[in-house]
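The values are calculated or read from the model by the stated rules, or taken from the named source; none is laboratory data. Note that the coordinates shown come from a computational prediction; the quantities given were computed from them, not determined experimentally. Quick reminder, even Gly has a Cβ in these numbers, built from the backbone with ideal geometry, and neighbours come from all protein chains shown. Surface areas here come from the heavy atoms of the whole protein model, side chains and all, with no ligands, DNA or RNA. Shrake-Rupley method; radii C 1.70, N 1.55, O 1.52, S 1.80 Å.
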Amino acid sequence: MADYTFFTNPMSRGQIVRWALHEANADYETELVDWTNKPQGLLDANPMGKVPTLVHHHGDHTHVITEAAAICAYIAEVSAPDLLPSDEERASYLRWMFFAAGPLEQAIIAKSMGWDVPDGKEAMAGFGTYERTVETLISVLSGRDFICGDRFTMADVYVGSQVDWGLMFQSLPDDPVFKAYAERLRQRPKYKEAKGIDMALIAEAESNG
Ligand SMILES: N[C@@H](CCC(=O)N[C@@H](CS)C(=O)NCC(=O)O)C(=O)O
């Protein structure tokens, strides 16, 4: 049995986790999830029925981990120590990974759904406003090649995926700082390897109607 069972759908946030698994050279098997007929194994592991969901087979027991950012962090802890932060990088690693999973994701979803923060309620919304959130991320990335500084860490898989998807779906502005960061990540062999698998699965699903 592989170390991990990876429940995913190629057209989903599962792409983030596949990239993380490849950066870690992890041993995993894929369970493809049909939205209209979710496997019982997924529902048992994650009552939300959401992907990505990762099951880690660890000796005689298993660990279930969900939420793409947490899964990336878990994979780094268990299978990719080189992608963990150094003492100097740890604050940025945690700060921007949580920022991307919280305020940034909320800001992007609110914008995509057409949800406006009512006047005077910015202080209650964790992301304040879409503009504040986006400008904050641009300002941090302006001074560095990767989210923790000059070295790729697992935080770049998650933060970078938000930027990559945001540019693709135009839910983030076409800012030169975002574009340069995304381009740096898209050149990584493991990014290409993982995306290649999901793109092939999407093409196969489309050709089967
Ligand atoms: N907070 C979760 C969100 C996961 C999520 O919403 N996944 C979507 C696909 S991108 C899904 O499973 N949708 C199917 C459903 O809700 O039934 C994460 O960050 O992983």
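Listing for the model above:
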| item | result |
| --- | --- |
| Positions within region 21-43 being of a type in the set (A, V, I, L, M) and within 13 Å of the ligand (Cβ to nearest atom), in sequence order | Leu32, Val33, Leu42, Leu43 |
| Unmet requirement for Ala45, which otherwise passes all of (1) assigned by TED's automatic domain parsing to the domain that holds Gly160; (2) open to solvent by 20 Å² or more (accessible area, probe 1.4 Å) | (1) |
| Counted residues, region 65-82 - those being open to solvent by 70 Å² or more (accessible area, probe 1.4 Å) and under 18 Å from Ala2 (Cα atoms) | 1 |
| Qualifying positions in region 44-85 - away from the ligand (no atom under 12 Å from the Cβ) and β-branched (Val, Ile, Thr) | Val55, Thr62, Val64, Ile75, Val78 |
| Pairs, first polar (S, T, N, Q) and assigned to a loop (DSSP other than H, G, I, E, B) in region 5-21, second near the ligand (Cβ under 8 Å from one of its atoms) and open to solvent by 10 Å² or more (accessible area, probe 1.4 Å), C-beta under 7 Å, six or more apart | Asn9/Trp35; Asn9/Val51; Ser12/Val51 |
| Qualifying positions in region 57-82 - over 13 Å from Phe152 (Cα atoms) and outside any helix (DSSP H, G or I) | His57, His58, Gly59, Asp60, His61, Thr62, His63, Val64, Ile65, Thr66, Glu67 |
| Verdict on Met11 being more than 16 Å from the chain's Cα centre (by Cα), within 9 Å of the ligand (Cβ to nearest atom) and modelled with pLDDT of 95 or more | no |
| Elements of type helices (runs of 4 or more DSSP H) contained in region 83-194, each with 3 or more residues being touching a residue at least 24 places away in the same chain (Cβ under 8 Å), open to solvent by less than 20 Å² (accessible area, probe 1.4 Å) and within 23 Å of Gln15 (Cα to Cα) | 90-99, 130-142, 154-168, 176-186 |
